[in-house]
1. Between Ile94 and residues 5 or more places away or on another chain, which pairs have amide H atoms under 5 Å apart, with H built 1.01 Å from N, and which residues are they?
2. For the ranges 97-103, 57-63, what's the packing order if you count other beta-carbon atoms within 10 Å of each residue, average per peptide, and put the highest first?
3. In the stretch 1-101, with Lys and Arg counted as +1 and Asp and Glu as -1 at Cβ, which of these residues, Gly11, Val70, Ile82, has the Cα nearest the positive end of the dipole, that is, farthest along it?
4. Just to be sure I understand the model, the point goes 7 Å from the Cα along the line to the Cβ. What's the resulting Glu60 to Ser80 distance in nm?
5. Apply the Karplus curve 6.51 cos²θ - 1.76 cosθ + 1.60, θ = phi - 60°, to the phi angles in the stretch 184-198 and return the couplings in whole Hz, x for Gly and Pro.
6. Go through the stretch 107-115 residue by residue and turn each phi into a ³J(HN,Hα) via Karplus (6.51, -1.76, 1.60, θ = phi - 60°); whole Hz please, and just put x for glycine and proline.
7. Suppose every K and R has +1 on its Cβ and every D and E has -1 on its Cβ; what is the size of the dipole of the chain about the Cα centre, in Debye to the nearest 20?
8. Let's test the formula: R0 of 41 Å, r as the Cβ-Cβ distance of Gln33 and Asp139. What FRET efficiency results, to the nearest 0.05?
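Any read-out appearing in this document is the output of simple, stated calculations on the displayed coordinates, not a laboratory observation. Note that the coordinates shown come from a computational prediction; the quantities given were computed from them, not determined experimentally. As a convention, Cβ positions derive from the backbone with ideal geometry for all residues, glycine included, and neighbour counts pool all protein chains shown.
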Amino acid sequence: MTSPLQNLLDGNRRWSAAMHAENPHFFEQLAKQQSPKYLWIGCSDSRVPATQIVDLPPGEIFVQRNVANVVAHSDLNCLSTIQFAVDVLQVEHIIVVGHYGCGGVQAVLDERRLGLVDNWLRHVGDVAEKHHAVLAALDLMSLRNARLCELNAIEQVTNVCRTTMVMDAWERGQKLSVHAWCYSLDNGRMHDLAMHVDSRSALRPAYEQSLQRLLKTPRAQP
Ligand code: CO
């Protein structure tokens, strides 16, 4: 009997064979353990796959994705992923990756009702309210979208930094940095939002600096 997902299964066979041909020990080595240096917190959007767009093979990035790359302090899923990544895998970097043209962000700007997900997107709504004046000053909706995508990534970085797991890691001297990026669907390029936090005391200045730099840019850079 042929599976309705036969095209995917066939693709998997081709991929596995090609990987094996390239390096006969690839899966063997990977099966023993994972030791990724990075935790990626990104959007569920199908156009923003983690390892592929930074040109890394499986095994290099631990991944958490949800609609609009939100880090909510009540989300057991995301908190558990951060805890496992920091305490067990001991990743050295956590990257919050927003993307321009995010549908979740756009739904917030349009005040569109989509269903249950509206409750989740309230977190992005909070970011929009916090930066209301900045967004209101932009005349084009596409610019407002781009800016809110950037602001959301920066704000979610602060949420990561304020988790007990990350604060405890810094407290015991563990090497760990948290970063904000925003990805452009238009050309496949990543934008570094210049927010890099490597200690509790660095959070506030890094946030202010990144925000100032962002607001100095005449327009968002989709
Ligand atoms: Co998105």
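1. HN-HN under 5 Å from Ile94: Leu39, Ser177, Val178, His179.
2. Packing order, densest peptide first, comes out as 97-103, 57-63.
3. Gly11
4. The two pseudo-label positions are separated by 2.8 nm.
5. Karplus-based 3J(HN,Hα) across the stretch 184-198 equals 9, 5, 4, 9, x, 9, 9, 10, 7, 8, 6, 10, 10, 10, 10 Hz.
6. 4, 5, 5, 7, 6, 7, 8, 10, x
7. Its charge dipole is roughly 180 debye.
8. The computed FRET efficiency comes out at 0.20.
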